[in-house]
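The values are calculated or read from the model by the stated rules, or taken from the named source; none is laboratory data. Source: prediction; values computed, not measured. When we count neighbours, we look across all protein chains shown, and the Cβ atoms used for this are built from the backbone with ideal geometry, even at glycine.
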Amino acid sequence: MNPILGIDFGRTRIGLAISDELHFLAHPLETIRNDKAAIAKIAEIVRDRKIDKVIVGVPRHMSGELGESANAALEFVSRLRAQLPCAIETSDERLTTIAAERALRESGKKTRNTRHVIDQVAAQMILQTYLDRHPNAAT
């Protein structure tokens, strides 16, 4: 099985995580800038790592409604679908960035020194949640 890519979309940065080939574990991959080259960079990663599926977190409100951030993530998903040859799914990612910050803080990392990692850990949480809910996630 080929790996799955997890994405934590943000207006400034995009966190990326990747699954192992057995789809058991998600691992932080990298953080990229959300700029004009972001989709091309993700397409390069998908091609180079032979990604079969991409999971993008959509940050809904606690009520389940879509807000400004969720709509921006869904617009990003639309642009990804136009450029990537693989399946793209969305996943509810309420509070993953907060959980990532807490996990890093509890591990003794200072938030100021981990800003570049928070988005990767949030993407890892999005992807791990997906893997746990879809144990047969092979495409």
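Tabulated results
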{"item": "Test: residue in the range 72-82 that is assigned to a helix (DSSP H, G or I) and either within 16 Å of Gln124 (Cβ to Cβ) or touching a Lys or Arg at 6+ places or on another chain (Cβ under 7 Å) (or both)", "result": "yes"}
{"item": "Residues located in the range 1-43, provided they are part of a helix (DSSP H, G or I) and of a type in the set (Lys, Arg)", "result": "Lys41"}
{"item": "Options Leu22, Leu5: the member that is under 20 Å from Ile118 (Cα atoms) and among the aliphatic types (A, V, I, L, M)", "result": "Leu5"}
{"item": "Residue selected from the range 46-84 under the condition modelled with pLDDT of 95 or more and acidic (Asp, Glu), by the criterion nearest to the chain's Cα centre (by Cα)", "result": "Glu75"}
{"item": "Qualifying position, being in contact with a Phe, Trp or Tyr (Cβ under 8 Å, 6 or more places away or on another chain) and free of Cβ contacts under 8 Å to residues at least 60 places away in the same chain, among Asn71, Asn34", "result": "Asn34"}
{"item": "Counted residues, the range 25-35 - those being under 19 Å from His116 (Cα atoms) and out of contact with any helix residue (DSSP H, G or I) (no Cβ under 6 Å at 6 or more places or on another chain)", "result": "6"}
{"item": "Boolean, Ala43 is modelled with pLDDT of 95 or more, of a type in the set (Gly, Ala, Ser) and either surrounded by 14 or more Cβ atoms within 10 Å (Cβ to Cβ) or over 14 Å from the mean Cα position of the chain (by Cα) (or both)", "result": "yes"}
{"item": "Checklist (1) surrounded by fewer than 21 Cβ atoms within 10 Å (Cβ to Cβ); (2) out of contact with any Lys or Arg (no Cβ under 8 Å at 6 or more places or on another chain) applied to Ala26, failing item", "result": "(1)"}
